[in-house]
Amino acid sequence: MSILHDLRQTPRLGLLVGGAAATIGVIYGYDMSNIAGALLFITKQFNLTTSQQELVTTAVVAGEVLGALVGGWLSNRLGRKTCMVGLAVGYALFAVLSAMSNDVPTLLLARLLLGLTIGVSVVVVPVFVAESAPAKVRGALLVAYQVATVIGIIVGYVAAYVLAGTGSWRWMLGLAAVPAVIVLAIVIKLPDTARWYMMRGRTADARRTLSAIEPDADVEAELSRMQRAISEERGGGLREMLRVPYLRATVFVVGLGFFIQITGINAVVYYSPRIFEAMGFSGNAALLLLPAAVQVAALFAVFVSLSLVDRLGRRPVLLTGIGMMVLANILLVCVFMAGQNFGGLLTVLGFLGVLLFTVGFTFGFGALVWVYAGESFPSRLRSLGASAMLTSDLVANVLVAAFFLTMLQRLGGAGTFAVFGVLAILGFMFVRKFAPETKGRQLEEIQQFWENGGEWPDVEGGTNSGMNPAETTTEPAAVR
């Protein structure tokens, strides 16, 4: 109720920022899932081989890697608002180009460019929200962006089902242009962020924007704080991340980003119809609505995780989620090994395996990835650390999208999910070894944890063993 009250008290400008970000989240999620439905019909029309199907899926992800690499630079150079306007225009144009493609090369180019736009958005949108939203609802609006992404995935599957009767894959892809136009109409009216104005030396614009977003704030004090933070951030660089004492933190965030995707979550999102088809499901309702039902459960898991992360701690939630993924992989391996003739209980168990896998991911990896990205580095390295994690995440995503169907074809369902099971176990071991328990810790304490070689400073200035949770009062976490 307090969040709803705070949202009602939020100035119109802050709500517009959140609305624009949430709409982009819907587009991002929609594109992740609609290709799963569209691919069923694109494959038939263009007679795609398994490798070509993987290429059509991977083109977007490859574009995302490129977009993420340049997103931070573009955001700082051109401004958050300018990038958001460009994103909206790019989404609309490339969605329409995908829908109008009459051959595979054109479709691949359109998907690559769409992925480039998405990659930039993954970097820019959270920054835009974090810098523009009023402090008291910032966390809620960042969560809204992530929730909107999952809702977009659900909408993508449902839209694919509605259009599947006529095989209208062009409409499936092209409908992403509609929310893009809505975003453009919203963003075009917004100012850039106060922080970007300060970065460019435009103090008067920063003061005006901050006053509009948080009219009750001490604007001059906030501007001074921003200036100090910007000055401090100029001291950080990649070289510092690759040296002691922050090398351990870098290994952690890069490794975590890689395990988040290499364990196979986007194989389930991109190729759910193929997985269910291999389990014996048939018909558009089963192949497209069952994945949507899985994502509804995943959405519920996100909220459960968020309610527990500041009470139980980061490590228990994250390790529990990965453990659920391990169990799901074991179940799926057993189902595929026994499934000479799928049907009845075996098919139900297969669906439950996919459900448990996805819920485990969103409960653990999906909910906590940006918590650790935001907490693991001092402010001067925080953006660079988050970018390193995102790049690692997207590289693993490319590998999964590029080879999953080939694995499913050559290794079968049992072999494929055995590979994912081993990777999930390795991810569990990695998190258990490297992830600090940051619940209740101030950011300065976390910085000292890495500087002390993985040992927490005790109250008297010494150190203690690294993974014990703090007993102090917690603060709300920034979540993905």
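Miscellaneous remarks
- Any hit, the stretch 461-472, residues being out of contact with any Lys or Arg (no Cβ under 6 Å at 6 or more places or on another chain), open to solvent by 50 Å² or more (accessible area, probe 1.4 Å) and at pLDDT 80 or above: no
- Subset of the stretch 143-179 (residues that are touching a Gly at 6+ places or on another chain (Cβ under 8 Å), of a type in the set (A, V, I, L, M) and either under 19 Å from G25 (Cβ atoms) or open to solvent by less than 20 Å² (accessible area, probe 1.4 Å) (or both)): A144, V147, A148, V150, I151, I153, I154, V155, A159, A160, A164, M172
- Within the span defined as the stretch 426-434, one or more residues are closer than 21 Å to R248 by Cα, free of Cβ contacts under 8 Å to residues at least 12 places away in the same chain and within 23 Å of the chain's Cα centre (by Cα).
- Filter result (within 20 Å of V127 (Cβ to Cβ), open to solvent by 10 Å² or more (accessible area, probe 1.4 Å) and assigned to a helix (DSSP H, G or I)) within the stretch 180-202: L184, I186, R195, W196, Y197, M198, M199
- Within the stretch 203-222, being surrounded by 15 or more Cβ atoms within 10 Å (Cβ to Cβ), aliphatic (A, V, I, L, M) and either without any contact (Cβ under 8 Å) to a residue 60 or more places away in the chain or in a loop (DSSP other than H, G, I, E, B) (or both) holds for A206, L210, V219.
- Applying a threshold of 9 Å to beta carbon distances and a minimum spacing of six or more residues, or different chains, the list of pairs starting in the stretch 34-62 at a residue that is of a type in the set (D, E) and surrounded by fewer than 17 Cβ atoms within 10 Å (Cβ to Cβ) and ending at one that is modelled with pLDDT of 90 or more and outside any helix (DSSP H, G or I) is empty.
- Of all the numbered requirements in (1) at pLDDT below 90; (2) open to solvent by less than 60 Å² (accessible area, probe 1.4 Å), N76 misses one, and that requirement is (2).
The values are calculated or read from the model by the stated rules, or taken from the named source; none is laboratory data. Given the structure is predicted, the values throughout are model-derived calculations rather than measurements. All Cβ positions, even for glycine, are placed from backbone atoms using ideal geometry, and neighbour counts span all protein chains on display. The area values use the complete protein model at the heavy-atom level, side chains included, leaving out ligands, DNA and RNA. Shrake-Rupley method; radii C 1.70, N 1.55, O 1.52, S 1.80 Å.
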